[in-house]
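Since every read-out is calculated from the coordinates, none of them should be taken as a lab result. Since the model is a prediction, treat every value here as computed from it, not as a measurement. Virtual Cβ from ideal backbone geometry, glycine too; neighbours counted across all protein chains shown.
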Amino acid sequence: MSARQLVTTLVLAVTLALAGRALADGEVVLRGNYWRDRNTRVLAPEADLRKTLPTGTTVEAGYLLDAITSASAAAGVMADQPFTELRHELGLRATQQIGPVAVGAQYRYSTESDYWAHTGGVSVALDLLQKNLTLAASYVYTQAEVARRASALGYVWANGTAAESRLRTHYGILSASQVLAPWALLSGAYELAVLDGFQANAYRTVRVSGTPVREVVPSLRLRHALSAELRLTPVFHHGVVGYFTTALKYRFYIDDWGVIANAPEARAYLALGPTELRLTLRYYHQTAADFYRSTPTAVTASGETRTIDLADYPSGGVPFAHCPPPAHTCYTGDSKLSSFWSVYLEGRVQLALRFLDRPKMPLGHWLGAGLLAVSVGHYWNTNYAWAQFGDAWTGGLELTLPL
Amino acid sequence: MRSLPRVGLVAASLLALGVVSTSGCARVQPYEREVLSLSAMQADTERVENRFSQHWQESREGGMGGYATAGGGCGCN
């Protein structure tokens, strides 16, 4: 039995096992994700099952297939031919409610032709003040092995040896959620990630002293994120409007490589009969990493010419902490470490499938309790990020059914 | 160069301050939670969608976080 058959069997087995517990609640989510930018197309179908048992145990299983078709050298294209890579991801999670406390554990495995990652974590959440305040903490550890494709079937370790090509990530999250009023909810989180190991892209090159070489980045990175979100429903059951909800979110990010990022986001939900309309607007801005160097360069792409800060190290690499010996310098061609801003706009329509709840409709009662959502978004990029990736379209098709 | 351990301490303190300052807000009773139970008021109902959003954001941007879940696990840098 192949790995994919094993995963499919496991997901179906969990679905059938949990579907029999009629008194508990749960859902199955089937979703198709789409991403298309200048060089890369991603089709990512996924299935997620979640069920809460009468014992207070919640189990969740998920499978995602990432089908990435890319013509980008940074994705490992070795010639002028786009190629498709498949990434499989399987996740399992269980949470047990013990009075006001919920403790959980999770495991996730991701595999592709040149990258393998095991992720495990634990979490605890505490409900206080008659569930008006929830505090939560979690710790997640990921160990990844990074390789570089050397042929259609073979690979070599990205950094020489298996040990030197390993990346360990420690991820800690503290979060809180506070009910402000019967129609208002405030939540916030602090996230800390410590990345230790190989973090460069094994295929990406950058010009150093006029010569293209594979990028070298520090082996240690401390990343901080602080976010807050306010959800308000000022309109509820007013005429034809079922409800109008706004979600205002802000995330501040900073790391020891010098990247500082701000991401405000606004989202509005409007319920009209069986449909819910949702609009999302997100702005993102970041500064460059302290070891990022560039030369203003005119770049033509997608029929447009812009002057951008193209990664370039005419004077050689930049001395920086945790850069490898013997030179202890770093250099990168990654636009994610350059300065740029972006805007994302997305619309979504969600439809309650109550019209399927008909006596003569097979499985009508079950399908009639479901939701179908379609979303389309556009991502505008700037500066070197625009030159490297271009703008992008996103799409989503999601079916949620009770379990 | 900024002191990043201090950044973490400040961030965690801000979060704690937010919790303490808002915990004195009105106590909403279980029978008053009809609006709070709306799917639009619960970020968890969008958890599957948020996973892909987090995935493409971390593949195209230098920042991370904002979803209170760990991302990563792919060679998407």
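Count the net charge of all other residues whose Cβ sits under 11 Å from the Cβ of A:Ala288, scoring Lys and Arg as +1 and Asp and Glu as -1.
On the way: positive: A:Arg293, A:Lys336; negative: A:Asp290, A:Asp309, A:Asp334.
Every neighbour counted, the sum reads -1.
Listed by Cβ neighbour count within 10 Å, with the fewest neighbours leading, A:Arg251, A:Arg166, A:Arg354 appear as A:Arg354, A:Arg166, A:Arg251.
Residues A:Phe83, A:Phe355, A:Phe291 in ascending order of nearby Cβ atoms (within 10 Å, fewest first): A:Phe355, A:Phe83, A:Phe291. Summed over qualifying helices (DSSP H, 4 residues or more, each -39500 (n - 2.57)) and divided by its residue number, chain A shows a 222 nm mean residue ellipticity of -2000 deg cm²/dmol.
For the protein assembly as shown, what class follows from the C-alpha gyration tensor (a ≥ b ≥ c being the square roots of its eigenvalues): rounded when a/c is under 1.5, otherwise prolate if a/b is larger than b/c, else oblate? Cα axes put the protein assembly as shown in the prolate bin. The spacing between segment A:81-107 and segment A:151-175, judged by their C-alpha centroids, is 19 Å. Taking Cα atoms only, the orientation of helix A:3-19 departs from the longest principal axis of chain A by about 20 degrees.
Among A:Ala158, A:Ala67, A:Ala298, the residue with the largest mean-square fluctuation in a Gaussian network model of chain A, with springs joining Cα atoms closer than 10 Å, is A:Ala298.
Among rounded, prolate and oblate, which fits segment A:173-266 when a ≥ b ≥ c are the square roots of the eigenvalues of its C-alpha gyration tensor, a/c under 1.5 means rounded, and a/b larger than b/c means prolate? Please list the in-between numbers first.
On the way: a/c = 4.54, a/b = 2.57, b/c = 1.77.
Note, shape of segment A:173-266 comes out prolate.
With the gyration tensor restricted to C-alpha atoms of segment A:254-403, the semi-axes of the equivalent ellipsoid amount to 47, 17, 13 Å, longest first. Among residues other than A:Glu215 with Cβ under 14 Å from its Cβ, the summed charge is +4 (Lys and Arg +1, Asp and Glu -1). Backbone phi angles across segment A:254-271, fed through the Karplus curve with coefficients 6.51, -1.76 and 1.60 (θ = phi - 60°), yield HN-Hα couplings of 8, 9, 8, 8, x, 7, 10, 9, 10, 9, x, 9, 10, 9, 10, 10, 9, 9 Hz in residue order; Gly and Pro are listed as x.
Net charge in the neighbourhood of A:Ala228 (other residues with Cβ under 13 Å of its Cβ; Lys, Arg +1, Asp, Glu -1) is 0.
Once backbone amide H atoms are built at 1.01 Å from N, A:Ile260 has A:Thr287 as its partners under 5 Å, excluding neighbours fewer than 5 places away on the same chain. Counting every other Cβ atom within 10 Å of each residue's Cβ, A:Asp25, A:Asp309, A:Asp48 order from fewest to most as A:Asp25, A:Asp309, A:Asp48.
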